[in-house]
Amino acid sequence: MIEGGKSLGSPEPRVCGLGLASGFGMGAAAHLDGVRKGRRVLRPLRELWGEGHPWAEVLSGWIPDRKLLCSRRNGPASQLALLLARQAVEEAGWGEDELKDAALIVGSSRGNASGWLSPWPGRRSMKILAVPNSLHSELASCVSIEMGIHGPYHVLASGCAAGLDAVGMAAMLMRQGLAVRALAIGLDLPLCRELLGTYWASGMLSRNGVNDPYGPGADGMCISEGGAAVALEMSAEPGIYVKDYLVNSDAYSPLGMPEDGKGMGALLEGVLRNWDGSVPLTVCPHASGTAGNAASERAALKRVFGGCLPDLRMMKPWTGHAIGGSGILELALMLAFIREGVLPPNPEWVSSPNGGASSAEELPLQGRRLLVKSAASMGGHNVVLSLAVDGHSCNANAYEES
């Protein structure tokens, strides 16, 4: 198990800006509005592609304004990374001087695959840029070039956990003294026929569209487009801080997850090793929708909490499964609500891992809270990230006031 570690004193990596994209649209405001109105973003793929392919009735979510992703210079996923970065940087109030030495970490499972396995609809690409447009690294180089970031950049391809890994790695670089600011981005655009065919063949793609990860009707992932960016800076001011970043591997299977949930359970125990219950706890689990993940996560939660589960908030039922962008997107959605002083509701149709109902109400924050976000990837890569939240400092204008 690798731990991100905590510095011995302050300052710590503080969240200072967010960028979000999903079927709700672009930006935090669109996501807050969509959740509060109870919008369901998953729709049949025939509405995006038309009729005449095997997945016309498969439910997925996609970014509504397709023109935003059509850049002649950048691949579609790289363009989305840039759009997310601009959102987060604008919220953070960073200018040229702040960006110059910032670190940049990008996570994606599929990179620009949807732009080169088959042409991106509506995009007029430049032949001379065919090679960089096909590279995973373009997701970071594009942002670095367009925004003048001269600090270190890295691209992670750790499957569905890649985006959450990006946040943890960014915080690690900051604690090691390599940067005082960092931009973490995670995203995926998995809706192309070639990629969906692989998920369908593996049996991991939902046939019935039941987006209730722990419910009896769930039969797989509701794969969707999406991603997020999180801007971090070293600070001692009140706010939301990245604390522990823990990772391990199951060494079990290239596809399935161990039913005992031992690996994920160990990480949860690790981030909670100094938690005495005096600070309220909220956990946002991976909750992918597959039977294997449901069984493994149930076991992990039972291992750590017994029969008394903490407050759980499931975000994939809102956004769909954004693959490598899912962990950071769900985290950013949680944080968008938290900075307004509340926790987001679970969708009213979502079941708890123990079989009961989940809270479908916003929960007001009072004082401090510990937020734990987990993610897991095919091949057995597990990630848990913890964040310390000061509820008194979280409101709609928190970033402008600090």
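Every number here is computed from the coordinates shown, using simple stated rules; none is lab data. What you see is a predicted model; the values in this text were computed from it and never measured. Ideal geometry is used to build each Cβ from the backbone, glycine not excepted, and the neighbour counts take in all protein chains shown.
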P(r) of segment 302-381 over all Cα-Cα pairs, binned every 10 Å from zero, in whole percent: 16, 46, 35, 3
When the chain is treated as a Gaussian network with springs between alpha carbons less than 10 Å apart, the largest mean-square fluctuation among Pro353, Pro64, Pro285 is found at Pro64
In debye, nearest 20, what is the charge dipole magnitude of the chain about its Cα centre with +1 on Lys and Arg Cβ and -1 on Asp and Glu Cβ, if you could check? 780
Taking a virtual spin label 7 Å from the Cα of Asp101 along the C-beta vector, which residues in segment 135-150 bring their backbone nitrogen under 13 Å of it? 150
Quick note, segment 96-186: a/c under 1.5 would make it rounded; otherwise a/b > b/c is prolate and the rest oblate (a ≥ b ≥ c, C-alpha gyration tensor); here it is oblate
Taking one equal scatterer on every alpha-carbon of the chain, how large is log10 of I(q)/I(0) by Debye at q = 0.07, 0.11 1/Å? -0.28, -0.72
Build a GNM of the chain with springs between Cα atoms under 10 Å: which of Asn74, Asn354, Asn211 gets the top mean-square fluctuation? Asn354
Report the calculated FRET efficiency for Ser202 and Glu269 (r = Cβ-Cβ distance, R0 = 22 Å), to the nearest 0.05. 0.10
DSSP loop GluC sites (Glu not before Pro) with at most 14 other Cβ within 10 Å excluded, longest remaining stretch of the chain: 58-258
Under a cut-off of 24 Å between alpha-carbon atoms, report the lysines in cross-link reach of Lys243, not counting same-chain residues fewer than 8 places apart. Lys6, Lys262, Lys302, Lys316, Lys373
Between Asp260 and Ser278, with labels modelled 7 Å along Cα→Cβ, what's the label distance in nm to one decimal, could you check? 3.5
Which FRET efficiency value, to the nearest 0.05, do you get for Arg368 and Tyr252 by plugging their Cβ-Cβ distance into 1/(1 + (r/R0)^6) with R0 = 25 Å? 0.10
Amide N proximity, segment 190-210 versus Arg66 label position 7 Å along Cα-to-Cβ, cut-off under 20 Å: 190-197
With a ≥ b ≥ c from the Cα gyration tensor eigenvalues, square-rooted, and the rule rounded for a/c under 1.5, otherwise prolate when a/b > b/c and oblate otherwise, segment 93-245 is oblate
Measuring from its Cα centre, segment 47-161 shows a charge dipole (+1 at each Lys and Arg Cβ, -1 at each Asp and Glu Cβ) which, in debye to the nearest 20, is 560
Within the set His392, His286, His321, GNM on the chain using Cα springs under 10 Å gives the largest fluctuation to His392
